[in-house]
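Participant: One structure, as structure tokens, below. Some questions next.
The values are calculated or read from the model by the stated rules, or taken from the named source; none is laboratory data. All values reported here derive from a predicted model rather than from experimental measurement. Cβ atoms come from the backbone with ideal geometry, glycine included; neighbour counts cover every protein chain shown. When the accessible area is computed, the model is the full protein with side chains, heavy atoms only, and any ligands, DNA or RNA have been set aside. Shrake-Rupley method; radii C 1.70, N 1.55, O 1.52, S 1.80 Å.
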Amino acid sequence: MYNRITHFEIHASEPEKLAKFYSEVFGWEIKEYEMGNVKEENRYWGVMTAPKDSTEPGINGGLVVRRGSKPVDGQPVNAFVCTTQVPNIDEYLKKVETAGGTIAVGKMPIMGMAWIAYGKDLDGNIFGLYQEDKSAK
């Protein structure tokens, strides 16, 4: 199928620290690819958001070495924001902070549909959290 997002990449100043952050918050399995004779800036970590045999919708991605400055607080978003569906948004907001991240936009309703919030990882990348709830208001 064409025209569907099939992979994401998270830019990281310190990939090992960001891998730990996302593993702690979402339980993702993140492993560096062994590519041999690769320059530091070309290292790559695979991100598995679910087990290989999972039938749940979603995509996997990667962590790449950031080639520039981290995002500055208050600057407009200049990349795609990936949103992860979670079973309990309040619980995951706590996980974000416990793992060292911050809350960019607190929990708010999408009337009659869901709750949404946005966090920032250790590198300042913004990501969304989404909890289905038809009673949200």
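Participant: Heads up, I need the accessible area for Lys39: 1.4 angstrom probe, whole protein in place, Å², nearest 10.
Facilitator: 130
Participant: Could you compute Rg(Cα) / (2.2 N^0.38 Å) for region 1-78, with N its residue count?
Facilitator: For region 1-78, the normalised Cα radius of gyration is 1.22.
Participant: Next question. Helix 89-98 versus the longest principal axis of the chain: what is the Cα-based angle in degrees, 0 to 90, to the nearest 10?
Facilitator: 40
Participant: Run the Debye formula on the Cα coordinates of region 5-134, all scatterers equal and no solvent, and tell me log10 I(q)/I(0) at q = 0.17 1/Å.
Facilitator: The Cα Debye sum returns log10 ratios of -0.94.
Participant: Using heavy-atom solvent-accessible surface (probe 1.4 Å) with all chains present, what is the largest-first order of Leu93, Leu122?
Facilitator: Leu122, Leu93
Participant: Still on this structure, I have one more. Count the lysine pairs in region 12-107 that are 8 or more places apart or on different chains: how many have C-alpha atoms under 13 angstrom apart?
Facilitator: 4
Participant: Something else: Show me the ranking of peptides 129-135, 21-27, 3-9 by mean Cβ neighbours inside 10 Å, starting with the highest.
Facilitator: Most protected by this proxy first, the peptides run 21-27, 129-135, 3-9.
Participant: Rounded to the nearest 5, what is the percent of antiparallel bridges among the DSSP beta bridges in the chain?
Facilitator: Counting only bridges with both partners in the chain, antiparallel ones make up about 70 percent.
Participant: Would you mind giving the three semi-axes, in whole Å and largest first, of the ellipsoid equivalent to region 67-113 according to its Cα gyration tensor?
Facilitator: Over the Cα atoms of region 67-113, the semi-axes work out to 23, 15, 10 Å.
Participant: What angle do you read, to the nearest 10 degrees and between 0 and 90, between the alpha-carbon axis of helix 15-26 and the longest principal axis of the chain?
Facilitator: 30
Participant: If you don't mind, there's one more thing I want to ask. Just by accessible area at a 1.4 angstrom probe, what is the order of Glu34, Glu91, Glu56 from largest to smallest?
Facilitator: Descending accessible area places them as Glu34, Glu56, Glu91.
Participant: For every helix of n ≥ 4 consecutive DSSP H residues, a contribution of -39,500 (n - 2.57) applies; sum these over the chain, divide by its total residues, and give [θ] at 222 nm rounded to the nearest 500 deg cm²/dmol.
Facilitator: -5000 deg cm²/dmol
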